[in-house]
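Please read the structure below before turning to the comments.
The values are calculated or read from the model by the stated rules, or taken from the named source; none is laboratory data. Only a predicted model underlies this, so the values are computations on that prediction, with no experimental measurement involved. Cβ: placed from backbone, ideal geometry, glycine included. Neighbour counts: every protein chain shown.
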């Protein structure tokens, strides 16, 4: 990597560390965050999306920027192996995807902008660009060297996605079944959501690396390739819709008094939740099967047809389950109301 790119990365990472440190200091003291182009910074950095896997976003950012500063600072004096530089490049890519996720959250869910946070995202993007440009000459050749590692990363992330989606579905359905959500369940939903983002992001990055090194067409020429692409696309849509549209709205509803039980919009939101949870689980398991088993002799169309049939069945079962849970919950509530009225009349 040239000296110019290295110094540029160090400068931007120091700026990012100062910015993240400022946000952390402001939150610790409970003071207002300076928001140059708007007034929504405080509400954004204190929202329910201000943590990732239980860790505050600004702390994650501070650790990342300090780590990048130290690494590239040492590279000025030490000859660091190329494979380590490559891993740091991947880390920069993941950091940018993480920042992109936060930007989408501000745009779609919170509908508020934190310009200080956007500045941090811009810094992350510049670090990624300069890291890639500095490593570009040996990028392709190094991907060939770690092709086997990329395969294992892809499979491992798919397994993580299967486990995470299963646990997420279990917690989410329990929440929708009894119309109650505890702080512990809410934290679990958030954790499973974040783990799902990590799994789909790393699986996609590893998959891109595998495609770039597939010079003989062993991957792209397979009948499974297009199906895997479709599944990855559906899973990305699933993560966006369930975690940015459906889950936040349902979690925000106060279920204690159940005033929304007869509301058409609430009913449709529940049905969407069950349908998307089923879609996510089926898609992850199908992705695992495609990578674990040989489907020699099956065409792309046949594999897609199998997936669609299983998906329709799963969604149908989930909607039927929603209907049963809904009716039982309504009956339970009505029984409690009758009991309370009888107690009042008895007194």
Quick one: count up the residues across region 62-86 that are outside any helix (DSSP H, G or I) and more than 15 Å from residue 6 (Cβ to Cβ). 1
Determine, yes or no, whether residue 168 is modelled with pLDDT of 70 or more, touching a helix residue (DSSP H, G or I) at 6+ places or on another chain (Cβ under 6 Å) and in the same structural domain as residue 276 (by TED's automatic domain parsing). yes
Inspect all residues belonging to region 270-285 and state whether any of them is under 30 Å from residue 47 (Cα atoms), assigned by TED's automatic domain parsing to the domain that holds residue 159 and at pLDDT below 80. yes
Evaluate region 295-318: report whether one residue or more is closer than 27 Å to residue 188 by Cβ, at pLDDT below 90 and in the same structural domain as residue 204 (by TED's automatic domain parsing). yes
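Suppose we keep only residues that are more than 29 Å from the chain's Cα centre (by Cα) and either closer than 19 Å to residue 95 by Cα or modelled with pLDDT of 80 or more (or both) within region 1-10. Which one would you say is surrounded by the fewest Cβ atoms within 10 Å (Cβ to Cβ)? Steps first, please.
We begin by selecting, within region 1-10, every residue more than 29 Å from the chain's Cα centre (by Cα); these are 1-8.
Within this subset, residues satisfying the condition of being either closer than 19 Å to residue 95 by Cα or modelled with pLDDT of 80 or more (or both) are 5-8.
Details: 5: 18, 6: 17, 7: 14, 8: 19.
The extreme case among them is 7.
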Qualifying residue in region 18-31 (condition: at pLDDT below 80 and on the phi > 0 side of the Ramachandran plot): yes
Does residue 106 satisfy the condition of being surrounded by fewer than 22 Cβ atoms within 10 Å (Cβ to Cβ), within 19 Å of the chain's Cα centre (by Cα) and either modelled with pLDDT under 85 or under 30 Å from residue 10 (Cβ atoms) (or both)? yes
